[in-house]
Amino acid sequence: MPRLRLGDGVDSGLDWLVTHLSWLFDAVKTVVQGMYDGIDAVLTAPQPLLLAGILAVLAWWLRGLLAGALAFAGFALIDSLALWDEAMSTLSLVLVATAVALVISIPLGIWAARSQPVAAALRPVLDLLQTMPSMVLLIPAILFFGMGVPAGVVATLIFALAPGVRMTELGIRQVDAELVEAAEAFGTTPRDTLFRVQLPLALPTIMAGVNQVIMLGLSMVVIAGMVGTGGLGGAVNEAIGQLDIGLGFEAGLGIVVLAVYLDRMTGALGTRISPLGRRAAARARTGVWAHRPRPTVALSGVAVLALVAGGLGVLGPSSGGAAASATDVGRGREISIGYIPWDEGIASTYLWKELLEERGFKVKTTQYAAGPLYTGLATGQIDFQTDSWLPTTHAEYWKKYGDRLDDLGRWYGPTSLELSVPSYMKDVNSLADLKDHAAEFGGRITGIEPSAGMMGLLKDKVLEEYGLDGAYRVVDGSTPAMLAELKRAYARKQPIVVTLWSPHWAYSTYDLKKLKDPEGAWGEGDGVHTLARQDFAADQPEVGAWLKDFRMTEEQLTGLEAQIQRAGKGKEQDAVRTWLKGHPGLVDRWVPVAGAGHGSRAAG
Amino acid sequence: MPLLSPSPNEWVSVSARLEAEHLFKVFGRRQNEAVERLREGATREELRADGTTAAVIDVSFTVGPGQIFVVMGLSGSGKSTLLRMLNGLLEPTAGRVLFDGRDLTALSGRDLREVRARKISMVFQHFALFPHRSVLDNAAYGLAVQGAPRAEREERATEALRLCGLAGWEKSWPDELSGGMQQRVGLARALATDADLLLMDESFSALDPLIRRDMQDQLLTLQQTLKKTIVFITHDLNEAMRLGDRIAVMRDGRIVQTGTAEDILLRPGNDYVASFIQDVDRSRVLTASAVMDPHVRGDEADCGCETATPDTPFTTLCALSARLTHPVAVLDGGRGLVGVVPRRRLVGLLGDAEGPGTPCDRERNRRKEVTARA
């Protein structure tokens with residue numbers, strides 16, 4: 001069979017879309033971002049517990065007292081896990097995605113219900129949208145909309161669109177044909193037939209579709225977290241990226257609370273707005289836990305809480321307060337840093353966040369997977385990132401995006417890539433020893449993400465160099481999975497060989513041996529480079545100059561990493577501040593300002 | 001009960017409300033070609049081989065104002081398709097529907113909807129009540145479509161419900177009502193719009209027999225005051241005989257006989273119709289005018305005995321005959337003698353035996369009969 005170059009067509013199609021329809025994508029992006037910002041602003045404005053109260057009153061009204069109490073408990077739990085802002089961000093994202101998905105899917109569903117050709121044409125499209133792996137949709141979304149919320153919303157709503165269309169179509173088709181005929185027999189116009197007969201009767205099914213849209217949207221949130229939407233999805237990604245099962249569980253629990261709340265509320269809303277459902281609910285209602293306030297009571301409850309919330313918002317302390325001085329180089333200019341959750345990446349990113357904020361910039365840091373990070377940088381969505389391993393490990397990315405990136409130089413190095421074994425593997429010291437121990441290791445090398453540069457190097461060069469090609473199989477996976485596998489094997493003293501690199505915290509946590517590379521198959525060690533988007537150094541000359549001059553020693557980097565490790569999750573910047581306090585003079589060396597005083601937040 | 005049939009001349013008068021002229025309905029490919037072939041005498045089966053289904057073939061009839069026209073046929077005979085062409089729910093492949101002198105098949109969609117909203121209403125087999133509307137709102141549906149103000153439509157819907165015996169049920173919901181009551185709502189919904197033409201599609205078939213009887217009686221009672229023009233579809237010949245001023249029997253898309261209940265019963269047009277009427281309870285249909293022997297001597301009513309009128313029902317005639325020793329005399333409105341009903345004729349009709357009796361071979365019995373005749 002000849003190789004069908006379908007992928008090339010898709011690529012050039014995407015390029016064409018990006019160049020010719022950017023105005024459209026920008027418009028969509030503006031609308032989505034605006035909706036998201038608006039909803040998020042409303043949700044995060046009140047005190048968390050007040051908003052929890054408002055949401056609980058809604059649950060009370062729609063479902064009953066027990067539901068209200070549980071809703072309050074659930075949201076209070078989210079707040080006590082310190083995930084409130086993330087949860088509200090996720091809620092906003094899901095609400096926006098759901099709203100847009102419904103605006104598209106319900107009319108499409110109606111159309112499909114009334115026209116057989118439309119239904120037949122839509123079905124394969126819906127199948128495609130629903131089953132195409134979400135990551136495949138995510139990257140084009142970044143190309144069109146850039147990193148962040150709009151891409152996440154679009155990816156989410158594409159994924160969540162199908163059940164909305166399907167259930168609307170099904171609901172309308174299910175309406176008894178005799179009822180539709182009766183409406184027609186009495187001279188009802190097609191439009192009135194739709195609004196007076198078909199839609200009211202299809203409502204329970206349509207609401208089940210809405211429910212499905214929301215649930216699918218929530219399940220997509222975690223994946224959308226990879227394109228920098230933040231929220232609970234971002235928290236989950238960050239947690240699994242760092243093998244922090246506890247935090248991952250907490251963030252996951254937050255998603256579950258949101259999911260259950262939204263599920264029950266949309267279900268109840270379905271029965272509330274459908275006349276048939278209302279009657280069924282009225283018959284079933286009994287007991288104190290099922291007590292529901294009258295709409296006016298519920299409305300005034302919500303209004304009172306909202307007023308209190310608004311009042312607190314106005315009277316509450318206004319944060320900030322400008323500290324303009326000679327060191328205020330940035331004057332509030334915004335800079336976005338992207339990072340991969342590797343230890344040196346986290347350390348250097350939060351270091352620069354602190355340094356730049358010290359100089360009056362507003363800094364946003366967002367975590368990405370490597371692919372989206374480079375895409376975002378190349379399309380100018382991200383200003384810079386500090387964790388590019390060149391020339392070897394990230395060679396593929398450099399090859400693809402290098403002409404659209406600006407290398408601001410190496411700030412740390414050399415690094416090394418290696419295969420490592422636990423030190424209890426006494427006889428295995430060099431890559432050359434592996435061949436004889438293939439049976440012992442089960443012929444498996446536990447790898448990381450197949451997209452990682454070192455994986456390509458390992459498969460294409462290293463195995464061949466040492467004649468391991470037939471003896472070993474490289475198991476693709478992920479860094480967290482590799483580390484978890486290492487942890488498990490290490491605890492049981494089982495043989496294991498993993499792909500690893502230096503610097504890495506695993507070397508201080510476990511007693512590991514780097515396998516010697518007498519043939520030099522891994523090549524020279526990489527340097528850790530800072531990469532910026534193309535015009536960044538021109539747009540922000542001071543920052544560009546600072547980054548070009550930035551260097552870190554091994555002692556400084558490991559010291560900072562250790563400080564961050566000790567401080568724990570979510571306190572990275574505090575750790576950086578503490579560390580800088582212990583190393584006076586570094587701030588002025590790394591981000592010098594003509595005639596700057598020595599007063600800094602770290603010192604003061 | 002208005003079972004007395006008017007003279008045939010009345011049916012071709014210009015005041016006719018509804019006329020169907022050579023209606024065809026063909027489903028499938030090449031419909032016009034199929035109609036041509038049907039006109040040339042092709043059968044339904046020949047067309048079916050080509051993948052086209054002829055549902056209604058060359059159907060013509062006329063329904064006068066205030067009459068109940070029943071279309072009777074088994075399932076698949078095309079009667080429901082025919083009914084839906086009368087109000088334009090289905091567009092005829094060929095032919096015209098004239099209602100009040102207007103050609104419905106030539107109307108635009110909007111005008112047709114207007115006619116349906118104001119002039120023609122429909123009652124369905126499975127009631128087709130809107131489950132998300134109360135009984136009152138269901139009854140008022142047609143008025144809502146017309147755009148009548150709320151007060152007016154509630155008043156008229158309440159009145160329609162009262163006529164159908166549902167006063168006090170306005171606030172209930174359809175699923176709280178029994179089948180018979182639901183169909184009363186369906187009837188009220190059709191009556192509330194004050195439409196002149198009522199199309200009833202097997203409206204009582206889904207009800208159990210006692211309720212069905214009640215509904216039939218109620219419809220006839222209502223009809224005495226409302227005088228609607230009604231086209232009633234049924235597969236039940238007993239129902240057709242009870243309700244219909246005129247009956248059309250359909251088979252395989254064609255009307256095989258049209259006539260009054262007595263025409264169908266006493267003069268079946270072909271074997272198909274004849275096979276149908278075997279199960280019919282004649283005693284409920286026939287009246288003195290159909291049973292009597294019009295050849296009279298002139299002196300049969302000269303005694304002081306009880307007499308009958310032409311529309312005296314068959315069962316009453318039997319009772320009379322049992323009390324009298326001689327044939328029952330039938331007198332018209334002007335008390336003129338129009339016929340006599342000998343007992344043998346009554347018994348013969350019940351037993352489906354016609355023609356002269358066979359003489360008995362024993363003297364004793366023959367003498368007894370002679371005595372009775374005298």
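Determine, yes or no, whether B:LEU143 is part of a helix (DSSP H, G or I), crowded, with 24+ Cβ neighbours inside 10 Å and more than 14 Å from every other protein chain (Cβ to nearest Cβ).
For B:LEU143, the condition - part of a helix (DSSP H, G or I), crowded, with 24+ Cβ neighbours inside 10 Å and more than 14 Å from every other protein chain (Cβ to nearest Cβ) - is not met.
Does A:ALA259 fit the bill of being away from every other protein chain (no Cβ under 14 Å), assigned to a helix (DSSP H, G or I) and within 21 Å of A:ALA160 (Cβ to Cβ)?
Judged against the criteria, A:ALA259 is a match.
So if I check each of A:GLY585, A:GLY527, A:GLY544, which one is on the phi > 0 side of the Ramachandran plot and surrounded by fewer than 21 Cβ atoms within 10 Å (Cβ to Cβ)?
A:GLY585
Report whether or not B:THR229 is within 19 Å of the chain's Cα centre (by Cα), under 26 Å from A:VAL180 (Cβ atoms), crowded, with 18+ Cβ neighbours inside 10 Å and among the polar types (S, T, N, Q).
So B:THR229 fits the description; yes.
Scan the stretch B:117-140 residue by residue and report those that are over 15 Å from B:MET200 (Cβ atoms) and at the interface with chain A (Cβ under 7 Å from one of its Cβ atoms).
Listed by number, the residues that qualify are B:ALA117, B:PHE130, B:PRO131, B:HIS132.
To keep it simple, each residue is scored yes or no on (1) assigned to a helix (DSSP H, G or I); (2) among the aliphatic types (A, V, I, L, M); (3) not assigned by TED's automatic domain parsing to the domain that holds A:THR296.
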{"position": "A:GLY13", "(1), (2), (3)": "yes, no, yes"}
{"position": "A:LEU24", "(1), (2), (3)": "yes, yes, no"}
{"position": "A:VAL28", "(1), (2), (3)": "yes, yes, no"}
{"position": "A:GLY34", "(1), (2), (3)": "yes, no, no"}
{"position": "A:ASP37", "(1), (2), (3)": "yes, no, no"}
{"position": "A:ASP40", "(1), (2), (3)": "yes, no, no"}
{"position": "A:PRO46", "(1), (2), (3)": "no, no, no"}
{"position": "A:ALA52", "(1), (2), (3)": "yes, yes, no"}
{"position": "A:ALA56", "(1), (2), (3)": "yes, yes, no"}
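I need the helices (runs of 4 or more DSSP H) fully contained in the stretch B:204-322, keeping only those with at least 2 residues that are within 30 Å of B:PRO65 (Cβ to Cβ) and among the small types (Gly, Ala, Ser).
Answer list for the stretch B:204-322: B:288-291.
Residue by residue, here is whether (1) buried (at least 18 other Cβ atoms within 10 Å of the Cβ); (2) of a type in the set (Lys, Arg); (3) in contact with a Gly (Cβ under 7 Å, 6 or more places away or on another chain) holds:
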residue	(1), (2), (3)
A:LEU431	yes, no, no
A:GLY456	no, no, no
A:GLU465	no, no, no
A:LEU468	yes, no, no
A:MET482	yes, no, yes
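For the stretch B:83-111, which residues satisfy the criterion of being crowded, with 20+ Cβ neighbours inside 10 Å and not in a loop (DSSP other than H, G, I, E, B)?
Across the stretch B:83-111, the qualifying residues are B:LEU83, B:ARG84, B:MET85, B:LEU86, B:ALA94, B:VAL97, B:PHE99, B:LEU104.
What pairs can you find where one residue is in the stretch B:322-338 and assigned by TED's automatic domain parsing to the domain that holds B:VAL291 and on the phi > 0 side of the Ramachandran plot, the other is at pLDDT 85 or above and among the hydroxyl-bearing types (Ser, Thr, Tyr), and their Cβ atoms are less than 9 Å apart, with a gap of 6+ or different chains?
B:ARG335/B:THR307
Select from the stretch A:71-81 the residues that are closer than 10 Å to A:VAL257 by Cβ and surrounded by 18 or more Cβ atoms within 10 Å (Cβ to Cβ) and list them in ascending order.
A:ALA71, A:GLY74, A:PHE75, A:ILE78, A:LEU81
Can you say whether B:ARG254 is surrounded by fewer than 23 Cβ atoms within 10 Å (Cβ to Cβ) and either under 22 Å from B:GLY351 (Cβ atoms) or β-branched (Val, Ile, Thr) (or both), as far as the supplied structure shows?
Against the criterion (surrounded by fewer than 23 Cβ atoms within 10 Å (Cβ to Cβ) and either under 22 Å from B:GLY351 (Cβ atoms) or β-branched (Val, Ile, Thr) (or both)), B:ARG254 does not qualify.
Check whether at least one residue in the stretch A:134-155 is of a type outside the set (Phe, Trp, Tyr), outside any helix (DSSP H, G or I), closer than 25 Å to A:VAL10 by Cα and touching a Pro at 6+ places or on another chain (Cβ under 8 Å), and report yes or no.
Yes - at least one qualifying residue is present in the stretch A:134-155.
Go through (1) over 30 Å from A:THR379 (Cβ atoms); (2) part of a loop (DSSP other than H, G, I, E, B); (3) free of Cβ contacts under 8 Å to residues at least 40 places away in the same chain and name the single condition A:ARG488 misses.
So A:ARG488 meets the others, but not (2).
Kindly indicate whether B:ARG284 is touching a Lys or Arg at 6+ places or on another chain (Cβ under 8 Å), among the charged types (D, E, K, R) and either in the same structural domain as B:LEU23 (by TED's automatic domain parsing) or closer than 24 Å to B:GLY339 by Cβ (or both).
Yes, satisfied.
Identify the residue in the stretch A:168-213 that is small (Gly, Ala, Ser) and either in a helix (DSSP H, G or I) or more than 7 Å from chain B (Cβ to nearest Cβ) (or both) and, among all such residues, is surrounded by the fewest Cβ atoms within 10 Å (Cβ to Cβ).
My answer is A:ALA177.
Residues in the stretch A:519-557 that are more than 30 Å from A:LEU434 (Cβ to Cβ), over 28 Å from the mean Cα position of the chain (by Cα) and not in a helix (DSSP H, G or I): how many?
Qualifying residue count, the stretch A:519-557: 4.
So which residues in the stretch A:188-234 are over 33 Å from the mean Cα position of the chain (by Cα) and of a type in the set (Val, Ile, Thr), if there are any at all?
Residues satisfying the conditions are A:THR188, A:THR189, A:THR193, A:VAL197.
Does B:LEU82 meet the test of being within 14 Å of chain A (Cβ to nearest Cβ) and modelled with pLDDT of 90 or more?
Taking the combined requirement at face value, the residue does not satisfy it.
One residue is enough: does the stretch B:89-98 have a residue meeting the conditions away from chain A (no Cβ under 14 Å) and without any contact (Cβ under 8 Å) to a residue 40 or more places away in the chain?
no
Collect the residues in the stretch A:570-590 that are of a type in the set (D, E, K, R) and assigned to a loop (DSSP other than H, G, I, E, B), keeping them in residue-number order.
A:LYS571
Kindly indicate the residue of the stretch B:99-116 that is among the acidic types (Asp, Glu) and at negative phi and also nearest to the other protein chains (Cβ to nearest Cβ) among those meeting that condition.
This residue is B:GLU114.
Which members of the stretch B:190-203 meet the condition of being outside any helix (DSSP H, G or I) and either in contact with a His (Cβ under 6 Å, 6 or more places away or on another chain) or of a type outside the set (S, T, N, Q) (or both)?
Result: B:ASP194, B:ALA195, B:ASP196, B:LEU197, B:LEU198, B:LEU199, B:MET200, B:ASP201, B:GLU202.
Out of the stretch B:179-197, which residues are among the polar types (S, T, N, Q) and at pLDDT 90 or above?
B:GLN182, B:GLN183
If only one of B:ALA167, B:ALA151 is surrounded by fewer than 18 Cβ atoms within 10 Å (Cβ to Cβ), away from chain A (no Cβ under 12 Å) and at pLDDT below 90, which one is it?
Sole residue among the options that is surrounded by fewer than 18 Cβ atoms within 10 Å (Cβ to Cβ), away from chain A (no Cβ under 12 Å) and at pLDDT below 90: B:ALA167.
Mind telling me which of the residues A:LEU377, A:LEU355, A:LEU373 ends up being over 24 Å from A:LYS461 (Cα atoms), surrounded by fewer than 24 Cβ atoms within 10 Å (Cβ to Cβ) and hydrophobic (A, V, I, L, M, F, W, C)?
Testing whether each residue is over 24 Å from A:LYS461 (Cα atoms), surrounded by fewer than 24 Cβ atoms within 10 Å (Cβ to Cβ) and hydrophobic (A, V, I, L, M, F, W, C) leaves just A:LEU355.
The values are calculated or read from the model by the stated rules, or taken from the named source; none is laboratory data. None of these values were measured; they are calculated from a predicted model. With ideal geometry, Cβ positions are generated from the backbone for all residues, glycine too; neighbour counts draw on all protein chains shown.
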